[in-house]
Each structure stands twice: as structure tokens, then as C-alpha cells.
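Chemist: Take this structure, written in C-alpha cells, and hold onto it; I'll ask about it next.
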Amino acid sequence: MHRQVRGASKMGLDIAFILRVLVFPGFTFILLFTMFCDWVERKIEARMQNRMGPTYTGPLGVFQPLADCVKLLTKEDIVPFNVKEFAFKFAPILSFSIFVFSFVFLPIDGANIVFNSNFEGDLIIVLTLVSIANFFLFLSGWSSFNPYSAIGATRVLTQFLGYDIPLFILALAPAFLAKSLSFSVIAADQDVPFAFIIPWAFVLFIITLQAELEKDPFDVPHAETEIVGGYETEYTGRRLAFLKLAKDVQIVLGAAIAVELFLGGPYGPTFYGPSALWYTLWFTLKLLVVVALTEYLTCVFARLRIDQVLAVNWKVLLPFAFLSLAAAVGVGLWFNLLR
Amino acid sequence: MSININEILKALSDAIGERVLQTKSLRPEKACIQVEAGAHRDAVKVLLKQDGNAGISAITGVDLGETIELIYHIRTCNTIISIRVDVPKENAKIESITDLVPGANFHEREASDLFGVTFEGHPNPKRLILPEDWPENVFPLRKDAVVANVQSNSLPISEDNMQVAATEGVVNIVVGPQHPALIEPEKFSLKVDGEIVKEVEPRIGYVHRGIEKAAESRTYLQNIYLVERICGICNACHATCFCQTVEAVMGVNVPSRAEYLRTVILELNRIHSHMLLLGHAGLEIGYETLFHYMWRDREPVLDMMEELTGNRIIASFITIGGVRRDLKEEAISKINAGLANLKKKMSFYRQLFENDSTLKMRTRDVGVLSKQDALKLCVVGPVARGSGVDMDVRRDEPYAAYNEIPFRVITYDEGDAWARLMVRLDEIIESINIIQYALEHLPSGPYRIRVPRIVPAGEAIGRVEAPRGELFYYIKSNGTAFPERVKVRTPTFANIASFVKIAEGGNIADVPASFVSLDPCFSCTDR
């Protein structure tokens, strides 16, 4: 029943390996796909709000996120007076690179970027890395010496305290069903995607993901009508580009985690041609579904207040996360009997 | 109404007797009482007692040469009674009435800025409108003010302007003059402890344009277009209010077709202003979809304005003696079709505001203004009606065609941001009904009469229910083609004081939501 995890052979530092890390499905692919997802999000949001969205750059404006990024890279780089320089300069880059690094542990084209990088417990490593990267986002605001940034930064931390625990607990439900703490095994174990077996956990996971990704109704850390840019306020030029990219990569990563845990990862029916292509296709399609789902939620909700966000996290999400884990354990026992 | 006035006057003469110097009526249902200096506090006290909803509308200063005349316009028993006091120009001093009626706070500070009258006993006699570096002894609205005397000297940056005042964990957050939550240039210093607002200090006047002064050097006809530019959104209200005040001075009656057409444009103004605000409220609470939907549906209203007036925003439709354009038959059917469509949309939005959970979480019990506070601070319009104060100039003192058209005055008792938004939502539906009724019963006949350019000497008060509340005009004519004094009290100026009340003690995240629910318009405030 278990699918064979591909790429079990030993691999040296050859060209194929470098291409895999730098081009596909590694850095370049992730970066371009992030920008594509950004465009999809903007397009969905615009259409839902009766607007056009990006139209000018490239066909249907698909290159707009790239253009935005390139524009920011060319802008003046300002380090304001009195900031904590080291943290201010490195926090955005660190947070971006940690988010990208987390992709190493996710099977994208049927295997991980680096073959055999999967191990029992990489689920926990990825979730921890996400927390650390979030901490760097906080640090970027905290080092800015600006009241808006400071409030935005404290909001990141406050909110993070609220959603992190439910997120961990909800991630355990598919892990229990697959009897593994490794993304590759969990993804490969889903003949029927877990979203159909334990739909309640999937729904809760998506809602918690909204908080993790700072999207409506939980986008308090950069509520522009209250605290200007939040932790981004003092950033300009390429550092701002990195902060924005970090956020975008985080959205894709969050959606990717949801895909691996609940939608069967990259696996799906393969037809003519190399299976890696089909797996990549399935992975992208599933990921876009999750992105569309989160964007839909963003559009239909107003922004909550920080105390309401915490109340939702602790009084609703946490107990329901426990309940759903308990229910998943029940289902798991029954489900394993069937197999 | 006239019985009421006589009663009030009797009560007044009973109370302060011989200190009443002179009584005259401004328009049939209004009165102006001149009292001795010092007696104005007692007079105001008597007037405030007459009616539970009484408050102060404005304080007008007029430069009479040797003296400065202060006119306290008290809103009581559905009309305006004015108390008139003379203060000498040299060493101009008068006792403050802010302790009697807290709503007079900003009015007194304004008069103090522009006329140099010191209000003794005022709790916060700081500058409100003039910049900090304005010279001490130049008062713009006095007739002898010389522009050449105005030399600004730069001031050192005060502690107040520093963004971080780190004392005992209280952070000073400055909202405005440039701030994304406040797209208009005004400053609010919020003292914030964690996420809780401890203290609010408003400061307006960043774009004060001196329109009241400018009006004195323009003819009445030119002034119509000047006052329209006080506020783009409610421009027809300003024009109507100005014109009907001038018409009152002249004693001119406007043809009834013009009255109906004025009603139509006033209500169209109200609809598009309210829709703009409701969309903006969506933006402030992070509900961008609502913003985009609302503003999309606002566009057809602007098209209707164009059908009626030829212009989308600044209508330039109303003139002294009527309106400037007639309404054609085919335009009526177009407007009617648009209104019917809009009505359907509004019932959708009403459902949304009543049922959407996140929207309610952000607006219910946010920025609560109790009825007592609303009366004390003399707020007007939807802000007052959202706190259960039943007042509407359209009904209390009908102008245009409002005495012939049936309509409901919407009030909500909750007093929170949600109630203030709901008042506006319901008023849009009510406005649609008013326009439909007015178009159906549109009288035939001329739409304007010609009036002379020179206005006879006299003075009058005009009131209009603008989208944001009672709009107040006082015009004094000296018998030439140029007005002697034009006083404008815009609704936001009356409402802005309530922001301090509703923001303090609240969450910083509620500041935009409660602020936007007041529908502040600083273009109006900084005339």
C-alpha cells in the first residue's frame, strides 16, 4: 500500500544535484512559483472585489509580482537613524531564507529537493523553522525603533502565541493516521487524501493557517489603517523586497504544508511521460486550490481586533484542535482496521 | 412654533429681566436677543432648560468696528435662538460657557483664534485652527487684520510632536497629519498604554482655507461657488444652505418646482455621501471587499447627479432664487430606474450589516457614545441619531420641499459604531423613497426666479440637514453686493469633539472603526 519514496539512490555533488537544488524543484522554481501564487492571489482577490487586478505586465499581468520585486530591488536602501542595525539588516534575509530552506523537507516532484533529506520527525523541524522565521519577522519590526513597527512586531508575537499550538496539534492528526512524523511518508500514505477522511481537521488547519499567514480575518500585524505598515514600516528597497518575498514564500509554504498533510502531497494518477512531471503538476494544482481557499476567506471577512484574535485562538481553535485530534485518533483506529 | 418662541422669550425675560437689551426676530420662527455682557451665561442656561435636546449650534463673531459681537446660536425647541453679546475690541474678554455646555469647547476656541476673544474659565484655551507659529496679535476675521503683519517664525519642535514619549510605558502615537487611517490632514495624539488608548488630543486646522474671510470679498453670486468648495461631497448642501439664507435676507420665495429639485439633489448628495462612508468604514475595519462593492454601487448615483445637474460631484446646480437647470422627462425615468436598482442593492447591504459576524465584532459596542454625552457634546446628524437623539433639521425646521414629503427619521439607541453605520444605511433607503416621491409629485412651473444682485441690509440664519448632520449658516448683509459676514458651522466641527470621548479607554485597533463611524470631513472642518 505504501508508495515507494523515490530517489533512494546515493547521490554525489554532480550537475544534476546542483540543478535540482538551484533550479528545479529548488530555489528558482520555488521563487517563480511564489510569484505566480502571488499573482493568482491578487487576481482572485481582485475578481472577488469586482476589480481587474494586475493586467499590464505580461499576459494578464502575470509578471506583475516579478516587476514589483525588481522595482523594489532598484530603490534606495535606507537604514534609519537609531535602529538596531544588525537585526534590522539581517532579519528579513534570514526569515526569507529559513522559509525557503523549509521546502527541502517537502516532497515536491515526488521526492524531496535533496534526495533522502526526509527523516522521521521532519514535520516537527519544518513547523519549528516556521516559528523561528516568524520570530525574525518580529525582530525586524522590533529593531526598527518606530512605534508602528513595535506594535506590529508585538502583534506578530502575540498572535503567534495563539495559533502556533493549535497548528502543531492539528498537524499531528494526519501524522497519526499515517503513523509517521515525516512529510514524505504522510504524503505517500494518502490513497484517499486525509482532507476527506478527517475534513474537520482540514478546515481547522486552513483557518489556523490564515492566522499563521497573517491574512484576514487575522491580519492584525499589518493592519494598515491602525499601524501603517506594521513591522515593515521602516523598510525600503531590497530589504522590503526580501520582507515581502518572505511573506509570499510563507504563504506558499503554508499552503504546501496543508497539501502534504491533507491533500496527498504531490501524489496522484500518472499518465504518459515521466512521473515527476505529473507529480509536480498535481502538487501545483493542489497548492493553488489551497491558495484560492485562503484568498476566498480573506475576501469575505473583516479584520478582527488583536484581543478577538487571541480569544478565537485560545477559546475556539485550541479546544477544537484537541477535539479534532481525538476524533482523528478514533477514525485512525477504525481506518487502520479497514486496511 | 411661534407660541413656543414667545414662551421662551418670556422665560428669558423672567430670568434675566432688565439685562435683556433688545429682542428682534430674524426670520419668522427665529429670534435674536441682545443681552448685557455677563448675562449671556444666564440666558444660555435658561435656553438650555427649555428642551431636553437643546444644545449649542455655533458661536459667531462679527467685527462691528469698536466692538466684537458674539452671537451664541442655541438650538432649542426645533429652532435657533441667538444670544448676542458685545465685547470691546481692546482687551476682549468674556466668561466661557463650556462648563454649562461642553459642546461649546471648540466653538469658543475657534472664536478665540479668529477674533482674539479670550474666554475666561475655558478648560483648554489652546489654539485650535491657527498654526502654532502664527503671530500673537493678528486675528484673521477681524476687519482690520493685515496680511502683511503675518510673519511666521519657526518654532522648536515641541515634545508633543515627538513620536515616542517613553514615560512609564505610555507611548505617544500620532495619528495624522499624514496617516493612512486618516487620509485628511488632521492630527490626533493618542497616548497608548499597550493596546489601550489613554488620552486623545485633537488638533485641526492644517488646511484651513479662510473661506469665511474670502466670502467677504466676493459677491453673493460668486460665493455660491465658493461655499460649494467647502466640501466636495456635500457641496449641494452648502450651496442650498447659503442660497436659502441669502433668500431669507432678501425675503424671496423660491418657486416650488425649484424646491423639489433642490430636495432631489440634496438627497442624491446624502446617498452618495453615506455610501462613500459605508465603503470607507469597510476599509477601516479591514473589510476591503465591502469597500469595493459599496464604491462600485455608488457610481450610478454619481451618474444620476450628472443626469440632473450636468456634473458628477460639484453640482453648481443651486443658485439664489432657484436652480440653474430643469429636469427633463427622460432623465426622470433614468433616475427612477437607477434608484430601483439601488434599493435592491441596499437591502443586500442591510442584511450584510445585520448578519456578518466579523463586521459586527468590529463595530458592535465599539466607540459607544451615550445619549447624555451626545447631548452634552452637542453632536449632530447620524452621530446624534445613532445615540438615540431624535433630531433632524429636515423635520424640525423644514426647508426645500421636506414639509410636503413624508419620511422617517432614523434613530438607533445603541450609540456604538454599528448603530451609526446602520443609521446611514437606513437613511439611504429613506432617501431613495424621498427622491422617488419628489420625482412623482414634481410640480410644473418655473425653476428659478431672477433676483437682484444687491442684497438689502439684514441678517439670517440657515440650517440644512447635510449628510453628516446639521449645517449652519449665518449671513449678515450690509446692503451691498458683498456680504458683511458669512459664518459656516459644518457638521463635522460639531462632531469632532465626540471622538475624544469615544476613543478614550478603547482599544487602539478600534480607533479607526470608531473614528470613521463619525464620518469626519476635515475639508468641512477646516473651512
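The values are calculated or read from the model by the stated rules, or taken from the named source; none is laboratory data. Remember, it's a predicted structure, so these values are computed and weren't measured experimentally. Virtual Cβ from ideal backbone geometry, glycine too; neighbours counted across all protein chains shown.
Results for (1) more than 14 Å from every other protein chain (Cβ to nearest Cβ); (2) part of a helix (DSSP H, G or I); (3) buried (at least 21 other Cβ atoms within 10 Å of the Cβ), shown as yes or no for each residue.
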site	(1), (2), (3)
A:Arg155	no, yes, yes
A:Thr158	no, yes, no
A:Ile165	yes, yes, no
A:Leu209	yes, yes, yes
A:Tyr231	yes, yes, yes
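Chemist: With segment B:475-527 as the region, which helices (runs of 4 or more DSSP H) entirely inside it contain at least 2 residues that are in contact (Cβ under 8 Å) with a residue 40 or more places away in the chain and away from chain A (no Cβ under 14 Å)?
Modeler: On the way: elements: B:491-495, B:497-503, B:510-516, B:522-525.
Fully inside segment B:475-527 and qualifying: B:491-495, B:497-503, B:522-525.
Chemist: Between B:Thr363, B:Thr411, which is crowded, with 21+ Cβ neighbours inside 10 Å, of a type outside the set (A, V, I, L, M, F, W, C) and over 17 Å from the mean Cα position of the chain (by Cα)?
Modeler: Working: B:Thr411 fails: crowded, with 21+ Cβ neighbours inside 10 Å.
Unique residue meeting the criteria: B:Thr363.
Chemist: Which one of the conditions (1) exposed (fewer than 15 other Cβ atoms within 10 Å of the Cβ); (2) under 18 Å from B:Leu268 (Cα atoms) does B:Ile332 fail to meet, given that it meets all the rest?
Modeler: Status for B:Ile332: all satisfied but (1).
Chemist: Can you tell me which residue within segment A:130-153, out of those that are more than 14 Å from chain B (Cβ to nearest Cβ) and of a type in the set (Ser, Thr, Tyr), is nearest to A:Leu261 (Cα to Cα)?
Modeler: A:Ser131
Every residue, every condition in (1) free of Cβ contacts under 8 Å to residues at least 60 places away in the same chain; (2) surrounded by 22 or more Cβ atoms within 10 Å (Cβ to Cβ); (3) within 14 Å of chain A (Cβ to nearest Cβ), yes or no:
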site	(1), (2), (3)
B:Met275	no, yes, no
B:Leu278	no, yes, yes
B:Leu290	no, yes, yes
B:Asp303	yes, no, no
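Chemist: Quickly run through segment B:494-527 and pick out the residues that are closer than 15 Å to B:Lys191 by Cα and surrounded by fewer than 22 Cβ atoms within 10 Å (Cβ to Cβ).
Modeler: B:Val500, B:Lys501, B:Glu504, B:Gly505, B:Gly506, B:Asn507
Chemist: Inside segment B:408-449, can you point out the residues that are aromatic (Phe, Trp, Tyr) and outside any helix (DSSP H, G or I)? Give the steps one after another, and end with the answer.
Modeler: In the first step, residues of segment B:408-449 are kept if they are aromatic (Phe, Trp, Tyr); the result is B:412, B:418, B:437, B:447.
Selection gives B:Tyr412, B:Tyr447.
Chemist: Let me ask you something else. State whether the residues of segment B:210-219 include one that is β-branched (Val, Ile, Thr), in a loop (DSSP other than H, G, I, E, B) and surrounded by fewer than 17 Cβ atoms within 10 Å (Cβ to Cβ).
Modeler: Within segment B:210-219, one or more residues are β-branched (Val, Ile, Thr), in a loop (DSSP other than H, G, I, E, B) and surrounded by fewer than 17 Cβ atoms within 10 Å (Cβ to Cβ).
Chemist: Suppose we keep only residues that are surrounded by fewer than 22 Cβ atoms within 10 Å (Cβ to Cβ) and not charged (D, E, K, R) within segment B:433-442. Which one would you say is farthest from B:Arg262 (Cα to Cα)?
Modeler: Residues of segment B:433-442 that are surrounded by fewer than 22 Cβ atoms within 10 Å (Cβ to Cβ), as a first pass: B:433, B:436-437, B:439-442.
Remaining after also requiring not charged (D, E, K, R): B:433, B:436-437, B:439, B:441-442.
Working: B:Asn433: 15, B:Gln436: 14, B:Tyr437: 13, B:Leu439: 11, B:His441: 14, B:Leu442: 11 Å.
So the residue we want is B:Asn433.
Chemist: Further question on the same structure: If you take just the helices (runs of 4 or more DSSP H) that sit entirely in segment B:268-387, which of them hold at least 1 residues that are of a type outside the set (A, V, I, L, M, F, W, C), in contact with a strand residue (DSSP E or B) (Cβ under 9 Å, 6 or more places away or on another chain) and at positive phi?
Modeler: Numbers: elements: B:288-309, B:329-355, B:357-363, B:371-376, B:381-386.
It comes to B:381-386.
Chemist: When you go through (1) within 14 Å of another protein chain (Cβ to nearest Cβ); (2) at positive phi one by one for A:Gly265, which number turns out not to apply?
Modeler: (1)
Chemist: State the number of residues belonging to segment B:86-112 that are crowded, with 22+ Cβ neighbours inside 10 Å, within 22 Å of B:Asn137 (Cβ to Cβ) and modelled with pLDDT under 85.
Modeler: 1
Chemist: Among the numbered criteria (1) within 14 Å of chain B (Cβ to nearest Cβ); (2) free of Cβ contacts under 8 Å to residues at least 24 places away in the same chain, which single criterion is violated by A:Lys71?
Modeler: Of the numbered conditions (1) within 14 Å of chain B (Cβ to nearest Cβ); (2) free of Cβ contacts under 8 Å to residues at least 24 places away in the same chain, the odd one out for A:Lys71 is (1).
Chemist: Please state which one of B:Ala400, B:Ala497, B:Ala419 is more than 30 Å from B:Met250 (Cα to Cα) and modelled with pLDDT under 85.
Modeler: Numbers: B:Ala400 fails: more than 30 Å from B:Met250 (Cα to Cα); B:Ala419 fails: modelled with pLDDT under 85.
Answer to the selection: B:Ala497.
Chemist: Scan segment A:107-117 for residues that are buried (at least 21 other Cβ atoms within 10 Å of the Cβ) and either at pLDDT 85 or above or not aliphatic (A, V, I, L, M) (or both) and jot them down. Break it down stepwise before answering.
Modeler: Here is the first cut: in segment A:107-117, the residues buried (at least 21 other Cβ atoms within 10 Å of the Cβ) are A:107-113.
Across segment A:107-117, the qualifying residues are A:Pro107, A:Asp109, A:Gly110, A:Asn112.
Chemist: Tally the residues that are hydroxyl-bearing (Ser, Thr, Tyr) and within 11 Å of B:Ile320 (Cα to Cα), restricting the search to segment B:201-255. Show your work before the answer.
Modeler: At the first step, the residues of segment B:201-255 found to be hydroxyl-bearing (Ser, Thr, Tyr) are B:206, B:217, B:219-220, B:225, B:240, B:245.
Within this subset, residues satisfying the condition of being within 11 Å of B:Ile320 (Cα to Cα) are B:220, B:240, B:245.
Final tally of qualifying residues: 3.
Chemist: Kindly establish whether A:Asp216 is at pLDDT below 85, within 14 Å of chain B (Cβ to nearest Cβ) and outside any helix (DSSP H, G or I). Even if it seems obvious, please write down each step before you answer.
Modeler: Details: at pLDDT below 85: yes; within 14 Å of chain B (Cβ to nearest Cβ): yes; outside any helix (DSSP H, G or I): yes.
It is true that A:Asp216 is at pLDDT below 85, within 14 Å of chain B (Cβ to nearest Cβ) and outside any helix (DSSP H, G or I).
Chemist: Which ones in segment A:137-146 are touching a helix residue (DSSP H, G or I) at 6+ places or on another chain (Cβ under 6 Å) and either touching a residue at least 60 places away in the same chain (Cβ under 8 Å) or surrounded by fewer than 21 Cβ atoms within 10 Å (Cβ to Cβ) (or both)?
Modeler: Residues satisfying the conditions are A:Leu137, A:Phe138, A:Ser140, A:Gly141, A:Trp142, A:Ser143.
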